[in-house]
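As structure tokens, the structure follows; a few thoughts come after it.
The values are calculated or read from the model by the stated rules, or taken from the named source; none is laboratory data. Just so it is clear, the structure is predicted and the values come from calculations on it, not from any experiment. Reconstructed Cβ throughout: ideal geometry from the backbone, glycine too, with neighbour counts over all protein chains shown. Areas reflect the complete protein model, heavy atoms only, side chains present, ligands, DNA and RNA absent. Shrake-Rupley method; radii C 1.70, N 1.55, O 1.52, S 1.80 Å.
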Amino acid sequence: MSQLTESPAWKALQAHFDEVKNVHMRDLFAQDERRFQKFSTKMDDILLDFSKNRITDKTFELLVNLAREREVEQWRDRMMSGEPINISEFRPALHTALRNRSNTPVMVDGENVMPKVNRVLEQIRYFSERVRGGHYRGYSGHLITDVVNIGIGGSDLGPHVVCDAMKPYAQRGMNVHFVSNVDPTHLTEILKFVQPESTLFIISSKSFTTQETMLNAHSARDWFVKLTGNQKAVARHFVAVTTNQQAAADFGILPENMFEFWDWVGGRYSLWSAIGLPIVLYLGMERFEAMLEGAHAMDLHFANTPLEKNIPVILALLGIWYNNFYDAQSHAVMAYNQYLRRLPAHLQQLDMESNGKTIDRNGNRVDYLTGPIIWGETGSNCQHAFFQLLHQGTKPVPADFLAPAQSNNPLGEQHCILLSNFFAQTRALMQGKTEAEARAELEAAGMDEDKIREVLPHKIFEGNKPTNSIIFEKLDPRTMGAILAMYEHKVFVQGIIWNINSFDQWGVEYGKQLADDIYVCLHEKGDASCYDSSTRGLIEHAMNLNFTD
Ligand code: F6P
């Protein structure tokens, strides 16, 4: 048995779960008029209402005890102070330093890293103001109107979700595109819409070795040279964001067009670094800094707020309550805001690449579930896709609902309808509909008894489906920063409680290794007999179908 499941706090929760597992939220709300007041908390205008959860006062007390017993506060301080808590890569995890707007010293190996963080921010400011101001132009004098970010994983998903979400705040005439997939369609389809003379390519790669990114970067360069016939102009139209300055120089990037970040920034936590360059080119430095301010505000909330009122800690503990005691295998995120349609994609890497682990910090196999499957869709679309399962399915799916009180695009009644649906769905998921209520509705509709008997079982809703509701004033850069930082800290707290290292990702290496060999076999149409019969059969079938190289 592991230290976690043997701990007093865990055992107390297990015993408590057996007592309360069938308690219905409908009854909990009926028993306490002030349940919302008790189970909600705020940071600035961001409200977390966690009252629609399957918790009692005792549950919440025991969950907070678990956080204390697992030393969440101490680990938080270790992370933020630059201790090498990423134990398998012997590195700190210091994304908080990237947005440390108070500029207090943060030490890594005896060096205060803030001067270099600020130097790169100034480099980004200077470069972006020249590009956006028309002072930095293409080789033939054209304004830069299109930025193409070539990167994958954390070098794509973070800046991509932000640029999508912050569209209302973007500079007119500046378009940003994201190429990530090695599928040639991705780059091909983007290049159809840009002109070499007015396009700036950002090669975003912490390692500058990722196969997909480097292939796409070389293809983009080939495209550029082919259309312009100007090899020298590459240096003007390609910049790099990386920790690997030498590899960038070998590609032909000028030193002044290299934007560095550091190995103590994890890829999925890197949008606050120079990886955010596409954000700055699209929104401007002022709005990027507003994002940093918002994230820093959430960092201060996380660092200074008692656990009982600490938004990331509460989200983390509730996630563990369902993941480890109710056996929920996934967690859904429904942003009732179209601009946040890419939020689940970013959170999938943030959460599943951080906590999709089986080996704990001591090198032992865990005997409990760790990271959940993260998924989701914007509201109200989600209601017409999978809410049937959420309401009447057999699988528990705890969910976050997020929405701004104010729309960036007020139009008729739509935003009011959107919010009404948000509030209605979380209410319906919580309270359900009893047999008596369903019967009364059918009778009121005039249905005869025979039909009622036929239909009634299908009209009953068990309810007791837990949701967190997160409401904020408006989806602006500051709020965007705070929300993304909120989820980063939620993931961190869960990793600490599960005693796993949330900051490495060895699991992504093995597939890449196998792909290298199979590529040679496919590319050279070689002998596949060394592979298992499935892999061999697939390779041979693709060859017979004359696969495209
Ligand atoms: O998915 C594995 C991974 O290493 C991620 O952690 C990272 O964000 C992505 O690949 C891209 O890595 P790089 O920025 O080095 O190209």
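Note on the stretch 23-100: enclosed helices (runs of 4 or more DSSP H) holding 2 or more residues that are of a type outside the set (Phe, Trp, Tyr) and touching a residue at least 60 places away in the same chain (Cβ under 8 Å) are 25-31, 57-69, 72-81. Filtering the stretch 184-203 to residues that are farther than 12 Å from residue 147 by Cα and within 16 Å of the ligand (Cβ to nearest atom) leaves 186, 187. In the set (1) acidic (Asp, Glu); (2) open to solvent by 60 Å² or more (accessible area, probe 1.4 Å); (3) within 16 Å of the ligand (Cβ to nearest atom), the condition left unmet by residue 222 is number (3).
Total residues in the stretch 346-357 satisfying the condition of being of a type in the set (A, V, I, L, M) and open to solvent by 30 Å² or more (accessible area, probe 1.4 Å): the figure is 1. The set of residues in the stretch 225-264 being in a loop (DSSP other than H, G, I, E, B), open to solvent by 50 Å² or more (accessible area, probe 1.4 Å) and more than 26 Å from residue 288 (Cβ to Cβ) consists of 229, 231, 232. Quick one: in the stretch 484-499, of everything that is in a helix (DSSP H, G or I) and either farther than 24 Å from residue 161 by Cβ or free of Cβ contacts under 8 Å to residues at least 24 places away in the same chain (or both), which residue is farthest from the ligand (Cβ to nearest atom)? If we take residues in the stretch 484-499 being in a helix (DSSP H, G or I) and either farther than 24 Å from residue 161 by Cβ or free of Cβ contacts under 8 Å to residues at least 24 places away in the same chain (or both), then 497 is farthest from the ligand (Cβ to nearest atom).
Quick check: anything in the stretch 125-137 in contact with a strand residue (DSSP E or B) (Cβ under 8 Å, 6 or more places away or on another chain) and either more than 26 Å from residue 337 (Cα to Cα) or within 16 Å of the ligand (Cβ to nearest atom) (or both)? Within the stretch 125-137 (the criterion being in contact with a strand residue (DSSP E or B) (Cβ under 8 Å, 6 or more places away or on another chain) and either more than 26 Å from residue 337 (Cα to Cα) or within 16 Å of the ligand (Cβ to nearest atom) (or both)), the answer is yes, since at least one residue qualifies. Just one of the listed residues (529, 534, 502) is among the small types (Gly, Ala, Ser), loosely packed, with under 11 Cβ neighbours inside 10 Å and assigned to a loop (DSSP other than H, G, I, E, B), namely 529. Scanning the stretch 265-303 for residues that are of a type in the set (Phe, Trp, Tyr) and open to solvent by less than 10 Å² (accessible area, probe 1.4 Å) yields 269, 272, 288, 302. Scanning the stretch 135-159 for residues that are out of contact with any Asp or Glu (no Cβ under 9 Å at 6 or more places or on another chain) and part of a helix (DSSP H, G or I) gives 155, 157, 158, 159.
Residue-by-condition table, conditions (1) within 25 Å of residue 501 (Cβ to Cβ); (2) within 16 Å of the ligand (Cβ to nearest atom); (3) open to solvent by less than 10 Å² (accessible area, probe 1.4 Å):
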position: 100; (1), (2), (3): yes, no, no
position: 104; (1), (2), (3): no, no, no
position: 143; (1), (2), (3): no, no, no
position: 148; (1), (2), (3): no, yes, yes
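Selection over the stretch 176-196 of residues that are acidic (Asp, Glu) and assigned to a helix (DSSP H, G or I) gives a count of 1. Is it the case that residue 394 is over 25 Å from residue 162 (Cα atoms), of a type in the set (Ser, Thr, Tyr) and open to solvent by 10 Å² or more (accessible area, probe 1.4 Å)? When the stated conditions are applied, residue 394 passes them.
Scanning the stretch 165-175 for residues that are within 20 Å of the chain's Cα centre (by Cα) and outside any loop (DSSP other than H, G, I, E, B), we see that the one that is nearest to the ligand (Cβ to nearest atom) is 165.
Filtering the stretch 11-22 to residues that are open to solvent by 30 Å² or more (accessible area, probe 1.4 Å), under 25 Å from residue 462 (Cα atoms) and assigned to a helix (DSSP H, G or I) leaves 14, 15, 18, 19.
Here residue 366 meets each of (1) within 21 Å of the chain's Cα centre (by Cα); (2) farther than 28 Å from residue 460 by Cα with one exception, condition (1). Considering 331, 346, 415, the condition of being away from the ligand (no atom under 16 Å from the Cβ) and part of a helix (DSSP H, G or I) is satisfied by 415 alone. Of all the criteria given as (1) closer than 25 Å to residue 354 by Cβ; (2) touching a helix residue (DSSP H, G or I) at 6+ places or on another chain (Cβ under 7 Å); (3) part of a helix (DSSP H, G or I), the one not satisfied by residue 128 is (1). Does residue 131 satisfy the condition of being among the β-branched types (Val, Ile, Thr) and crowded, with 23+ Cβ neighbours inside 10 Å? No. Of all residue pairs spaced 6 or more apart or on separate chains, those with beta-carbon atoms under 7 Å, a first member in the stretch 130-146 that is within 12 Å of residue 236 (Cβ to Cβ) and a second member that is loosely packed, with under 15 Cβ neighbours inside 10 Å are 136/130. Taking the stated definitions as given, is residue 162 assigned to a helix (DSSP H, G or I), in contact (Cβ under 8 Å) with a residue 12 or more places away in the chain, within 16 Å of the ligand (Cβ to nearest atom) and buried (at least 19 other Cβ atoms within 10 Å of the Cβ)? The answer is yes for residue 162.
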